[in-house]
Amino acid sequence: MPAPKVADVAKENLWANNPVTVQILGICSTLAVTNIFLNTLLMGLGLIFVTGFSALTISLMRNVIPPRVRMMVQTLVIACFVVIVDIALKAYVPNISKALGPYVGLIITNCIIMGRLEAFASSNEPKLAFVDGVMAGVGYSWVLLIIAFVRELLGFGTILGYPVLDPLFKGLGFSEGWIQWSFMIMAPGGFFMLGLFIWIGNNIAATKIVHNK
């Protein structure tokens, strides 16, 4: 069987088989961290780092890992890179590290990472495995960033902590300014945005299928 091309690997993870909108994985962090854009950005970068380098490591070791312990080895590799991310967050952005709380540690059990290691990295060369890992992380992150952008904008009226809607509405003559949508910063708001995103994605995919017939 010929090895997949880099472009195919990227397309698969970014859209066709997106971890969030198609596979519906990583839902805990989708709901927990997407009410603040900056938190989501750092969480996404951390996941890209962990997924990419875990995939690279497992691919390099794929011929020496005994099959009966491969899941334990994969978990250990993921945990090592998660610890690196956790230490970096605590050292450079302690406030955000505290806000993310246990969700950084839960990257260890993220189905997206385990799935890519088992399905791809353990049977492909290091270069492709690394690209697959990075693209899986990017595919996860871009969806969460869009959700976080909308949730923070409507929920707090800010982007990256800077007021956006309140000055805008006051400038338009609304004396009360922007009235925050509390619903958007709660878990139901995350469910709503995720469902809306999946619905839009499915409609786009269905439209393409119809046009291709």
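Values in this text are rule-based calculations from the coordinates and carry no lab data. Computed from a predicted structure; not experimentally measured. Cβ atoms come from the backbone with ideal geometry, glycine included; neighbour counts cover every protein chain shown.
Could you tell me which of LEU100, ILE147, ALA136 has its Cα farthest along the dipole of the chain towards the positive end, charges placed at Cβ (Lys, Arg +1; Asp, Glu -1), taken about the Cα centre?
Sorting the options by dipole projection puts first ALA136.
Span-like helices, the chain: DSSP H, alpha-carbon axial extent 18 Å or more, mean Kyte-Doolittle -1.0 or greater, which ones?
Values: long enough: 37-61 (36 Å, 1.82); 70-92 (33 Å, 1.70); 126-156 (43 Å, 1.39); 187-212 (38 Å, 0.89).
Both cut-offs are met by 37-61, 70-92, 126-156, 187-212.
Specify, per residue and in Å³, the volume enclosed by the convex hull of the alpha carbon atoms belonging to the chain.
On the way: hull volume 30.7 nm³, N = 213.
Enclosed volume per residue, from the Cα hull, is 144 Å³.
Quick one: go through the stretch 128-155 and flag any residue whose amide nitrogen is under 19 Å from the point 7 Å out along the Cα-to-Cβ line of ILE204.
135-151
If I take the Cα coordinates of the stretch 100-149 and project them onto the principal axes, what are the three extents in Å, biggest first?
35, 22, 13
Relative to the Cα centre, what is the charge dipole magnitude of the chain, using +1 at the beta carbon of each Lys and Arg, -1 at the beta carbon of each Asp and Glu, and rounding to the nearest 20 debye? List each step's numbers first, then the result.
On the way: 13 positive and 9 negative charges, 80 e Å.
For this selection, approximately 380 debye.
Find how much the distance from GLN23 to ARG68 grows on full extension, using 0.36 nm per residue of separation minus their present alpha carbon separation; answer in nm with one decimal. Can you show the working numbers first?
Working: separation 45, 0.36 × 45 = 16.20 nm, distance 2.64 nm.
Stretched fully, the GLN23-ARG68 segment lengthens by 13.6 nm.
Full-extension gain between ASN95 and THR75, please, as 0.36 nm times their residue separation minus the C-alpha to C-alpha distance. Can you show the working numbers first?
Details: separation 20, 0.36 × 20 = 7.20 nm, distance 2.74 nm.
Full-extension gain reported as 4.5 nm.
How far apart, in nm, are the 7 Å Cα→Cβ label points at TRP15 and TRP181?
Calculated label separation equals 2.6 nm.
Are there any GluC sites (Glu not before Pro) in the stretch 113-213 that are in a DSSP loop and have at most 11 other Cβ atoms within 10 Å? List them by number. Let's see the in-between values first.
Values: sites: GLU118, GLU152, GLU176; in loops: GLU176.
Passing both the DSSP loop test and the Cβ count: GLU176.
List the residues of the stretch 1-42 whose backbone N lies under 18 Å from a point placed 7 Å from the Cα of VAL164 along the Cα-to-Cβ direction.
Once the point is set 7 Å along Cα→Cβ of VAL164, 33-42 turn out to lie under 18 Å by backbone N, inside the stretch 1-42.
Looking only at LEU172, LEU106, LEU31, which one moves most when the chain is put into a Gaussian network model with springs between Cα atoms under 10 Å?
Comparing LEU172, LEU106, LEU31 in a Gaussian network model of the chain, the most mobile one is LEU172.
Could you tally up the Lys pairs in the chain with alpha carbons closer than 26 Å? Skip any pair fewer than 8 positions apart unless they're on separate chains. Kindly include the intermediate steps, with their values, before the conclusion.
On the way: LYS5/LYS127; LYS5/LYS208; LYS5/LYS213; LYS11/LYS127; LYS11/LYS208; LYS11/LYS213; LYS90/LYS98.
Lysine pairs meeting both conditions in the chain amount to 7.
If I take every Cα pair under 8 Å that is 6 or more residues apart in the chain, average their sequence separation and divide by the length, what percent do I get for the relative contact order?
Details: 274 pairs, mean separation 67.1, N = 213.
Normalised by residue count, the contact order of the chain is 31 percent.
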